[in-house]
Structures are given as structure tokens and as C-alpha cells.
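Here is the structure we will look at, set down as C-alpha cells.
The values are calculated or read from the model by the stated rules, or taken from the named source; none is laboratory data. Predicted, not measured: the structure shown is a model, and the values here were computed from it. Glycine also receives a Cβ, built like all others from the backbone with ideal geometry; neighbour counts cover every protein chain displayed.
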Amino acid sequence: MPKDILLEKLANLAVKIGANVQKDQIVVVNAPTEAQEIARKVTKHAYEAGAKRVIVNWRDDITNRYSLEYETLETLQDIPQFSIDKMRYFVNNGACVISIVSPIPGANKGVDSNKIQVAGIASSKALNFYREHMMGNKSQWTIIAASNPVWAKKVFPDMDETKATEALWNAIFHASRVNEETDSIEEWNKHNKQLINHNKILNDYQFDSLHFTNSLGTDLSIKLVENHVWSGGQEKTTTGVVFNPNIPTEENFTMPHKFGVNGKVVATKPLDYQGNLIEDFWLEFKDGKVVNFDAKKERSTLKNLLEFDEGSSYLGEVALIGYNSPISQANILFFNTLFDENASCHLAFGRAYPMNIKGGTGMEIKELEKYGYNNSMSHSDFMFGSKDMNIVGITKEGEKIQIFKGGNFVI
Ligand code: ZN
Ligand code: ZN
């Protein structure tokens, strides 16, 4: 088991920095049964921070699998009213949410994928009001992770279960800037300051485009949308409470122009898509669209990803992460976006984030598209950062500003 003090620190971080629980607020803790120990600690810390009431939503991937397996399509689509009412209560009472992820890879293996899809759609439709509320930052929310033996064995296949679980815990603590020596809250305050500072510098420049080059053969020009906003790190609710949606987080990200991407990009980490690992791949873009690509492994999976829908062969996100960040240094493939997308500079095929345009969260899709917003039902991040990544920003006046040198920020 991981050291108690580290679990305490992570729980405290989730409450104070992640959700930033306010006095007399209701706190929802979404917890998988694998994460019992940390969920209990989060609950205690939330009360200590002044929560009026803490409601823990336990979820179990195994019993969830049984419901998918045995319930009819009709039952799966019929979302009980009490489930909806419960979420309504959270929204109406301004509850904040702390979600703990601890995935069991392969838990739904062999289950009819149509049933999974249909159940997923029914639930997202019924609970859309809740999602919109949270994604619109009407209240604070955060995500942290907890190790479990199944996930750990996938990340560290050569270790026995106990060692692997411990190793994954250590990787999670390290990535989340939790250790015995330092004050994690202070570390996060410092870290947030740096992320916000980079957002501010990049926002002030309002670069017309970014040019990425490295020795692997990446030579890519990305035009950014007009009035783009760099985000990352701390966010603010509509009522003015700051919070950190992800622990860990390392990225500063914004919106590429859908039709403004040209050149070649070479991926530097494998991409896990629908359970298949695409390895050693590169892509070529012309006016935003992927026109050529190859992969040493799972080329056909990459093809499926690109052909998912119209928008999935265009980009929706460009994110900058220094080579010296702790997740990058750990050099571990977590098979989980919360970690993997924070390991390296990345791009995402598919849907862009409206918040990356000034006033974008209040715009209709049609209006966003006028700016160069890419719409898609998918959003898949892939890593292309490297130790020697060079990034130059080109201003609207044609001035060149060095942003990254030797894999790290120089502004
Ligand atoms: Zn990202
Ligand atoms: Zn992304």
C-alpha cells in the first residue's frame, strides 16, 4: 500500500486546489470501488474544509459490466427518474464535484459494443443538463487518479501485481507533484502561476501561426484562430471561484485553425485508440486535412481514427508541454488521457474546445466554425513533443518569436 501521508496529501490537494471546496458547499465524490481508501480521505478532507454535506457516488466497473451484459437494450436506455433527480439536486444546490478515476482496462471486453454505445448515449442525453452545467464551469470540478492492480499490470506488465500497484501509485504521486518533502499546496500554487504566466504571454502575442521543428522530421506550421485563447491550469467558475479541473495538468493549449495546418508531424509516443496501440507514426497535412500518413504498427487503426467522421482528419487542439515536466520525465505510458496527454506537446484530431475562442462558450457551432473551429464527435490526442522541439511563433506583423528551444519554454 502507498504511504498514508502521500494519500492524505493527494486527498487534501483534490479538496483545496482541485475543487477548492467552499464553506457550506455540497461536495460530490465520484469514486470507483477500487479507490475506497483515497475516497474516504477525500471525504474527510472535504468536511474539514467546511463542506456542508459530502455525497459519495460509488461505482463498480464489474457490476456495471453485468448490467450491460444482462439488461435489455430497452432497460439500458430507460434512465430512472431518481438518477436524474439526484443530478438535478447537485446542480440546483451548486455542488462541486471531485471525481476519482481508476480504470480497469478491459472490464467490458466481450460485451456487445452496440449496447455500450446505446447505454452511453441514453445516459448522456438524460444527464446533458448536468454535463453542460459542469463543463460550463458553473461550479468547481476536478479529477484525480488512483492506482489499482489491473490498471497497474497494464502499465507495468513485467512486475508482479503488488509491485506494479505500488509503482503506479508512485507515478501518480510524482505526476501530481505530491511527495513527502514539499508542501503540495504550495507546489501547485507555484505551478499554477507558471501555467497562467505562459497563457498570458501567449495570449498577449496573439500569434498568427506556430512553427514546430525537430530532428525527427517534424516540420509543421499551425495557424491559430482569430481571437484565440490559451488555456491551461487553473480555471474560474462563473461565480468567481478558482479551481483546477485536472490533477495532474501540465498543458497550455489553444485552437488551431481547421484549414490552416500544413507540413509533417512525427509522433513521439504510441497512441491507444479503442484498445489498439498505434506506434511509430507520422502524418502530413495540407490546408488542415491529413493527406498522407503511415504507422509501423496498427496503420489500419490510425486510418479508422482519421475516417471516424468529417472532422476527425482535422485538428482541434494544439498543446504545449515542456520536456522537463514531471510526467514527461517519468516516460511511462499510462493508457489514460489524464496522464498521457500531459506527457508531451500534443495535437488532437477532432473536436475543438469553444473556450479557446474569446466568448466561444456562448457561441453557436455555426458561429464558431466561421473562426475555423473543427467540429467532430471524436477528440483523440497524440504526442509529438521531443527533447529538441523548437517552436517559433509568428506574429501578424511577421515577427518571429522563439517559444520553445531544446524542448522547453524560453518565454
Ligand atoms: Zn490537451
Ligand atoms: Zn485533448
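Across region 27-53, the number of residues qualifying as surrounded by fewer than 20 Cβ atoms within 10 Å (Cβ to Cβ) and either of a type in the set (A, V, I, L, M, F, W, C) or in contact with a Cys (Cβ under 7 Å, 6 or more places away or on another chain) (or both) comes to 1. Taking the conditions exactly as written (away from ligand 2 (no atom under 16 Å from the Cβ) and in a strand (DSSP E or B)), does ILE411 satisfy them or not? So ILE411 fails the test. Counting only strands (runs of 3 or more DSSP E) that sit wholly inside region 213-290, those with at least 1 residues that are of a type in the set (Phe, Trp, Tyr) are 252-254, 256-266, 271-273, 276-286.
Remark: LYS289 matches the filter, which requires a residue to be over 30 Å from THR238 (Cβ atoms), away from ligand 2 (no atom under 16 Å from the Cβ) and basic (Lys, Arg). For region 317-336, the criterion of being in contact with a His (Cβ under 6 Å, 6 or more places away or on another chain), within 16 Å of ligand 1 (Cβ to nearest atom) and either modelled with pLDDT under 95 or closer than 24 Å to ASN197 by Cβ (or both) is met by at least one residue. Filtering region 187-205 to residues that are in contact with a strand residue (DSSP E or B) (Cβ under 9 Å, 6 or more places away or on another chain) and buried (at least 19 other Cβ atoms within 10 Å of the Cβ) leaves LEU195, HIS198, ASN199, LEU202. Scanning region 323-343 for residues that are part of a loop (DSSP other than H, G, I, E, B) and touching a helix residue (DSSP H, G or I) at 6+ places or on another chain (Cβ under 7 Å) gives ILE332, LEU333, PHE334, PHE335, ASN342, ALA343. Considering region 68-148, there are no qualifying helices (runs of 4 or more DSSP H) wholly inside with 2 or more residues that are touching a Lys or Arg at 6+ places or on another chain (Cβ under 6 Å) and among the aliphatic types (A, V, I, L, M).
Selection of first residues in region 234-252 that are closer than 24 Å to ALA175 by Cβ and away from ligand 1 (no atom under 11 Å from the Cβ) and of second residues that are of a type in the set (Val, Ile, Thr) and assigned to a loop (DSSP other than H, G, I, E, B), restricted to Cβ pairs under 8 Å at least 6 apart or on distinct chains, gives the following pairs, ordered by first then second residue: PHE243/THR237. Taken as a whole, the structure leaves ALA352 outside the set of residues that are within 12 Å of ligand 1 (Cβ to nearest atom) and either charged (D, E, K, R) or under 19 Å from ASN192 (Cα atoms) (or both). Of the set (1) more than 14 Å from ligand 2 (Cβ to nearest atom); (2) more than 26 Å from TRP151 (Cβ to Cβ), all apply to PRO326 but (2). Do we find a residue being of a type in the set (Gly, Ala, Ser), over 23 Å from ILE403 (Cα atoms), away from ligand 1 (no atom under 16 Å from the Cβ) and within 18 Å of the chain's Cα centre (by Cα) anywhere in region 267-281? Yes, region 267-281 contains at least one residue that is of a type in the set (Gly, Ala, Ser), over 23 Å from ILE403 (Cα atoms), away from ligand 1 (no atom under 16 Å from the Cβ) and within 18 Å of the chain's Cα centre (by Cα). No other residue among LYS387, LYS405 is surrounded by fewer than 18 Cβ atoms within 10 Å (Cβ to Cβ), touching a residue at least 40 places away in the same chain (Cβ under 8 Å) and not β-branched (Val, Ile, Thr) apart from LYS387. Would you be able to say whether some residue in region 155-171 is crowded, with 16+ Cβ neighbours inside 10 Å and closer than 19 Å to ILE321 by Cβ? Scanning region 155-171, I find at least one residue that is crowded, with 16+ Cβ neighbours inside 10 Å and closer than 19 Å to ILE321 by Cβ, so the answer is yes.
Do we have ALA343 as touching a Lys or Arg at 6+ places or on another chain (Cβ under 8 Å), among the small types (Gly, Ala, Ser) and away from ligand 2 (no atom under 11 Å from the Cβ) here? It is true that ALA343 is touching a Lys or Arg at 6+ places or on another chain (Cβ under 8 Å), among the small types (Gly, Ala, Ser) and away from ligand 2 (no atom under 11 Å from the Cβ).
Screening region 241-256 for residues that are of a type in the set (Val, Ile, Thr) and over 25 Å from TYR373 (Cβ atoms) and picking the one that is farthest from ligand 2 (Cβ to nearest atom) gives VAL241. Candidates GLU317, GLU307: the one that is within 16 Å of ligand 2 (Cβ to nearest atom) and of a type in the set (Asp, Glu) is GLU317.
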